[in-house]
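The values are calculated or read from the model by the stated rules, or taken from the named source; none is laboratory data. Quantities reported herein were computed from a predicted structural model and do not represent experimental measurements. So basically every Cβ, Gly included, is an ideal-geometry build from the backbone, and we count neighbours across all protein chains shown.
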Amino acid sequence: YLAYWRIRLASNPLTDFCSTVLMDTKPDGTSSKDEKFYLLADILPEDRLLREGLQQKRLEWVLDKQAEERDDRSFSRGCLFCRQEFAGSRAEYINHLSQQHNLQLGRPENLVFTDELLDTIKHKLDSLLCLFCEKLFRDRTVLKEHMRKKSHKRVNPDNKLYDKFYVVNYLEMGKDWQQVQKEPDEFEISRRGNASGSEDNSDWSDWQDEESPSSAVVCLFCEETAQHFNDITRHMADQHGFPFSENCDEEKLDFYQKVRSDA
């Protein structure tokens with residue numbers, strides 16, 4: 001685009017192609033009366049044809065890349081959340097994330113540069129960042145619970161970093177995936193259902209790593225967690241002045257009443 005207009009503008013005056021806008025400021029922000037600015041936009045037929053041609057070439061390149069990924073059987077990767085290994089099909093991997101872990105990345109046929117997308121998501125999770133709100137959490141257990149409870153198991157649509165991974169962003173000039181997302185479809189209806197509080201059947205309980213326990217006890221007053229019950233009761237007594245065991249003894253609570261008080 002720049003190479004084309006560099007040649008055209010070198011041999012013709014700007015006013016042959018650009019609209020003139022008068023403003024009372026210079027490019028550096030200082031005041032000046034009736035400064036001329038030249039606007040080159042696709043309202044000019046020549047410019048629009050150029051943009052459409054470049055858009056078509058980019059779309060063809062992206063579709064070729066997508067076909068290459070679809071036919072490639074050398075794909076091999078472990079699940080981001082469980083210990084299952086996948087080989088051969090990126091679509092199978094994406095469907096597994098959606099169906100088993102409710103991580104909504106969109107339909108496999110709408111994705112491109114899939115390996116880079118998965119690397120990006122893995123890096124964020126390893127950095128303890130929520131994919132949707134992008135807040136930082138202190139450990140994987142707290143991050144997992146946050147994403148599950150808040151229905152944040154999807155990427156942030158306002159983060160332009162993800163635009164390159166969705167074919168829909170290459171289909172039409174000036175139309176990105178946020179605009180398409182407003183159009184009702186099966187994925188959108190399903191996502192809205194989860195966000196509105198419907199039952200979440202996804203299994204994130206197997207999101208483990210070697211450095212963190214498979215389960216933890218959570219403090220009744222804050223987000224502190226511990227692997228053992230005695231550690232968390234000691235924390236509640238020291239940090240919150242709440243001796244759990246002594247209170248249960250004073251109230252003569254049986255096992256089920258203790259469970260109810262803990263809940």
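As for the stretch 165-188, it holds at least one residue that is at pLDDT 80 or above and acidic (D, E).
Of all the numbered requirements in (1) within 32 Å of the chain's Cα centre (by Cα); (2) modelled with pLDDT under 90, E60 misses one, and that requirement is (2).
If you take just the helices (runs of 4 or more DSSP H) that sit entirely in the stretch 212-263, which of them hold at least 2 residues that are modelled with pLDDT of 75 or more and under 30 Å from D126 (Cα atoms)? Walk me through it before giving the result.
Working: elements: 229-240, 244-251, 255-262.
Fully inside the stretch 212-263 and qualifying: 229-240.
The criterion of at least 3 residues that are exposed (fewer than 14 other Cβ atoms within 10 Å of the Cβ) is met by the following strands (runs of 3 or more DSSP E) wholly inside the stretch 9-102: 19-25, 31-39.
Pairing each residue of the stretch 35-60 that is over 19 Å from P13 (Cβ atoms) with any residue that is surrounded by 13 or more Cβ atoms within 10 Å (Cβ to Cβ) and hydrophobic (A, V, I, L, M, F, W, C), provided the two are 6+ apart or on different chains, yields C-beta distances under 7 Å for L59/L171.
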